[in-house]
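Just so it is clear, none of the values below were taken in a lab; they were calculated from the coordinates. Predicted model, so just to flag it, every value in this text is computed and none were measured. All Cβ positions, glycine included, derive from the backbone under ideal geometry; neighbour counts span all protein chains shown.
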Amino acid sequence: MGALQKTALVIAIIGAINWGLIGFFGFNLVSAIFGGISTMPERIVYAIVGLCGLYCITLLFKPSEEREREGKIQPTS
């Protein structure tokens with residue numbers, strides 16, 4: 001896993017933890033750090049987390065491709 005993938009995964013996990021805090025405790029960590037819902041820094045953080053989450057979709061397909069190259073899984077066709 002490359003540095004970009006690891007970074008995106010860490011940011012997506014942090015975003016998931018923030019959503020967990022909102023769901024379980026009604027506490028928005030990003031809002032607490034940056035002030036309020038309408039601030040630009042908070043919107044930028046949410047946008048970055050969203051982009052990282054979208055990028056992490058590629059990780060769903062990466063492990064099987066790596067295992068095929070290593071010879072651990074035989075290709076299906």
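For the residues Phe27, Phe34, what sequence is obtained by ranking on other C-beta atoms within 10 Å, fewest first?
So the residues, fewest neighbours to most, are Phe27, Phe34.
Between rounded, prolate and oblate, where does region 7-63 land on the alpha carbon gyration tensor, with a ≥ b ≥ c its root eigenvalues, rounded for a/c under 1.5, else prolate if a/b exceeds b/c?
Details: a/c = 3.32, a/b = 1.70, b/c = 1.95.
Taking the square roots of the gyration eigenvalues as a ≥ b ≥ c, region 7-63 is oblate.
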